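First the structure, in the form of structure tokens, and then the observations on it.
The values are calculated or read from the model by the stated rules, or taken from the named source; none is laboratory data. Every value quoted in this text rests on a predicted model; they were computed, and no experiment measured them. Glycine gets a Cβ as well: all are built from the backbone with ideal geometry, and neighbour counts include every protein chain shown. With ligands, DNA and RNA removed, areas are computed over all heavy atoms of the protein, side chains included. Shrake-Rupley method; radii C 1.70, N 1.55, O 1.52, S 1.80 Å.
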Amino acid sequence: MTTSENTQESAQQAEEPQTIDEIEAEIEATREELGATVDELSHRLDVKGRAQDKVSDIKVAASEKAGDVKTVVTEKTSVLGEQVKHTATDVTEKVKPLAQRREVQAAAAGALLLGVGAAVVSHRRK
């Protein structure tokens, strides 16, 4: 609407007789429009408040993402733990016979050394 249209509309309204109720209703409508305009301008000018709202939104998004990551890590850790357990079992099964053989070999070597030591001591006493 241009200024000339506003002027023409105002002139037409001035010519038409209005009741007190119509005038009060028009005043109330104007107050509501003005209040909405002031609220909108206040919101636009409240940079700190808008920044805090944005920070709050980012915190919520980060919290949700952290929950998602935690879930994925928990699942992956569980799977990896099972894999490690199976691998450890497999290695134990492969190493156990070798360890037992080495124990027998160590016992035999110990017995041999004990026998040699006893022979040396016996020979020196004679």
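A few comments on the model shown:
- Accessible surface for the stretch 26-126, divided over its residues, is 91 Å² per residue with a 1.4 Å probe.
- Those lysines that a straight Cα-Cα span of less than 24 Å connects to Lys94, excepting residues fewer than 8 apart in one chain: Lys85
- Heavy-atom surface analysis with a 1.4 Å probe gives the stretch 36-126 a carbon and sulfur content of 62 percent of its accessible area.
- Charge dipole (debye, nearest 20) of the stretch 66-118; +1 at Cβ of Lys and Arg, -1 at Cβ of Asp and Glu: 180 debye
- Per residue Cα convex hull volume in Å³ - calculated over the stretch 14-82: 123 Å³
- Estimated distance in nm for a label pair at Lys59 and Asp39, the labels positioned 7 Å out from Cα along Cα-to-Cβ: 2.5 nm
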